[in-house]
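Peer 1: Right, I'll just put the structure down here and ask away after.
The values are calculated or read from the model by the stated rules, or taken from the named source; none is laboratory data. Computed from a predicted model, the values in this text were never measured in an experiment. Positions of Cβ are backbone-derived with ideal geometry, glycine not excepted, and every protein chain shown enters the neighbour counts.
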Amino acid sequence: MFKTGIVGGAGYTAGELLRILLPHPNVEIAAVVSSSNAGAPVAQVHDDLLGDTDLVFASELSGAEDVVFLCLGHGNSRAFLEKNPLLATTRVIDLSNDFRLAADRDVAGRRFVYGLPEVNRAKIKGATSIANPGCFATAIQLALLPLAAAGALTDDIHVSAITGSTGAGQSLSKTVHFSWRTNNVSIYKPFTHQHLGEIGESLAQLQPQIAAEIHFIPYRGNFARGIFASVYTPSDLTQDEARELYQNFYADAPFTTVSDKEIHLKQVVNTNKCLLHVQKQGKQLLITSVIDNLVKGASGQAVQNMNLLFGLPETMGLMSKASFF
């Protein structure tokens, strides 16, 4: 058993962490920190946990944590670690974008490792601090990593991907209100999304001389959770060659599966899975990728990283079934 702490405990990613960690056989939750909710029952905010826990929000960590999850808004994790130095032996898994890029990975004596297990499993196992990938970044990277590993990204890459409203976080804004989001689809941050940087660094890690440019159009969807990404690029590979490449690359990845049939979002909602489908149309290789943005795109992947850090089976606590019906 080891003790965990969650900082920024009132948001969506913290709620998902609690849902996953409460039944985890190796975890004791030592503190759920929320400055605005300190003293209140956790289930009062995360009411899907009513009857599952008697935890109360704390104003600070207990100091006994073996691992701390930072579920703070982007830009706040660095400030937290600078103001609240943790023991060198305390592992940290950050769910913001503060430490995902190589230039940003040093803070308060810590060096963060980019936490995409499908490409950095060995580095994660030996790390003390993990930068959890972004949700769009996870879906898109998993669609492209096998091609990069084969040196096969030689032309421009086009991506269209749609995400649910939980991807925007719990803070209210015009585009998350029901009356705006329902029966509606819209584009945001075309060609400039913040996840492009981490995607580019991971691809260059596998294909150092990569010159392919990524053209990414993100969409807001009128559903709560999930990401559906369509990725295509010219390729000389046949469909059978491409599928074999993907199946071999992910042969040891417990949560990433290459499907022979076309895939859809309901297959992954509430799970830590990424499903991929590969098909060739003319000169274009089309890779479809689906994940749950709150699980494989955030909290589930964070627990996957925690399991690797502590030498546990990678799938521990993460084998939930999709909310299919």
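Peer 1: Counting just the residues of segment 67-104 that are hydroxyl-bearing (Ser, Thr, Tyr) and under 22 Å from residue 135 (Cα atoms), which one comes out surrounded by the fewest Cβ atoms within 10 Å (Cβ to Cβ)?
Peer 2: Here is the first cut: in segment 67-104, the ones hydroxyl-bearing (Ser, Thr, Tyr) are 77, 89-90, 96.
Going one step further and asking which of them are under 22 Å from residue 135 (Cα atoms), we end up with 77, 96.
Details: 77: 24, 96: 21.
In this case the residue turns out to be 96.
Peer 1: Looking at 143, 148, 139, which one is under 17 Å from residue 214 (Cβ atoms), touching a residue at least 12 places away in the same chain (Cβ under 8 Å) and surrounded by fewer than 24 Cβ atoms within 10 Å (Cβ to Cβ)?
Peer 2: Working: 143 fails: surrounded by fewer than 24 Cβ atoms within 10 Å (Cβ to Cβ); 139 fails: surrounded by fewer than 24 Cβ atoms within 10 Å (Cβ to Cβ).
Of 143, 148, 139, the one residue that is under 17 Å from residue 214 (Cβ atoms), touching a residue at least 12 places away in the same chain (Cβ under 8 Å) and surrounded by fewer than 24 Cβ atoms within 10 Å (Cβ to Cβ) is 148.
Peer 1: Report yes if some residue within segment 226-233 is more than 20 Å from the chain's Cα centre (by Cα), over 29 Å from residue 72 (Cβ atoms) and not assigned by TED's automatic domain parsing to the domain that holds residue 10; otherwise report no.
Peer 2: Looking for residues that are more than 20 Å from the chain's Cα centre (by Cα), over 29 Å from residue 72 (Cβ atoms) and not assigned by TED's automatic domain parsing to the domain that holds residue 10, one finds at least one in segment 226-233, hence yes.
Peer 1: Does at least one position in segment 120-128 carry a residue that is under 29 Å from residue 42 (Cα atoms) and either touching a strand residue (DSSP E or B) at 6+ places or on another chain (Cβ under 8 Å) or of a type in the set (A, V, I, L, M) (or both)?
Peer 2: Taking segment 120-128 first, the residues under 29 Å from residue 42 (Cα atoms) are 128.
Next, only the ones that are either touching a strand residue (DSSP E or B) at 6+ places or on another chain (Cβ under 8 Å) or of a type in the set (A, V, I, L, M) (or both) stay: 128.
Checked segment 120-128: at least one residue is under 29 Å from residue 42 (Cα atoms) and either touching a strand residue (DSSP E or B) at 6+ places or on another chain (Cβ under 8 Å) or of a type in the set (A, V, I, L, M) (or both).
Peer 1: Of all the strands (runs of 3 or more DSSP E) wholly in segment 242-325, which have at least 1 residues that are surrounded by fewer than 22 Cβ atoms within 10 Å (Cβ to Cβ) and β-branched (Val, Ile, Thr)? Steps first, please.
Peer 2: Working: elements: 256-259, 274-281, 284-291.
By residue number, 256-259, 284-291.
Peer 1: Next up: Among the residues of segment 189-200, are any of a type in the set (D, E, K, R), over 22 Å from residue 255 (Cα atoms) and at pLDDT below 95? Explain how you work it out, then say what you get.
Peer 2: First, pick out the residues of segment 189-200 that are of a type in the set (D, E, K, R): 189, 198.
The next check asks that each one be over 22 Å from residue 255 (Cα atoms); those that pass are 189.
Adding the requirement that they be at pLDDT below 95 leaves 189.
The answer is yes; a qualifying residue exists.
Peer 1: Filter segment 2-30 down to residues that are in contact (Cβ under 8 Å) with a residue 40 or more places away in the chain, in contact with a strand residue (DSSP E or B) (Cβ under 7 Å, 6 or more places away or on another chain) and of a type in the set (D, E, K, R), then give me how many there are.
Peer 2: 1
Peer 1: Residues to consider are 56, 7; find the one that is in contact with a Leu (Cβ under 7 Å, 6 or more places away or on another chain) and either on the phi > 0 side of the Ramachandran plot or of a type outside the set (Lys, Arg) (or both). First the steps, then the outcome.
Peer 2: On the way: 56 fails: in contact with a Leu (Cβ under 7 Å, 6 or more places away or on another chain).
Criteria check complete, one pass: 7.
Peer 1: Something else: Cβ-Cβ below 6 Å, separation at least six or inter-chain, first residue in segment 176-204 and crowded, with 16+ Cβ neighbours inside 10 Å, second of a type in the set (D, E, K, R): which pairs?
Peer 2: 198/100
Peer 1: Ok, one more. Quick one: would you say residue 242 is modelled with pLDDT of 95 or more and under 23 Å from residue 159 (Cβ atoms)?
Peer 2: It is true that residue 242 is modelled with pLDDT of 95 or more and under 23 Å from residue 159 (Cβ atoms).
Peer 1: Could you grab the pairs with beta carbons closer than 7 Å, sequence gap of 6+ or different chains, first residue in segment 45-73 and part of a helix (DSSP H, G or I), second one surrounded by fewer than 19 Cβ atoms within 10 Å (Cβ to Cβ)?
Peer 2: Within 7 Å, the pairs are 45/37; 49/43.
Peer 1: For residues in segment 301-325 being closer than 20 Å to residue 267 by Cα and of a type in the set (Gly, Ala, Ser), which is modelled with the lowest pLDDT?
Peer 2: The qualifying residue modelled with the lowest pLDDT is 323.
Peer 1: Can you name the condition, by its number, that residue 238 falls short on among (1) buried (at least 16 other Cβ atoms within 10 Å of the Cβ); (2) touching a residue at least 24 places away in the same chain (Cβ under 8 Å)?
Peer 2: (1)
Matching residues to (1) under 20 Å from residue 4 (Cβ atoms); (2) touching a helix residue (DSSP H, G or I) at 6+ places or on another chain (Cβ under 7 Å); (3) hydrophobic (A, V, I, L, M, F, W, C):
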{"position": "281", "(1), (2), (3)": "no, no, no"}
{"position": "294", "(1), (2), (3)": "yes, yes, yes"}
{"position": "301", "(1), (2), (3)": "yes, yes, no"}
{"position": "305", "(1), (2), (3)": "yes, yes, no"}
{"position": "308", "(1), (2), (3)": "yes, yes, yes"}
{"position": "312", "(1), (2), (3)": "yes, no, yes"}
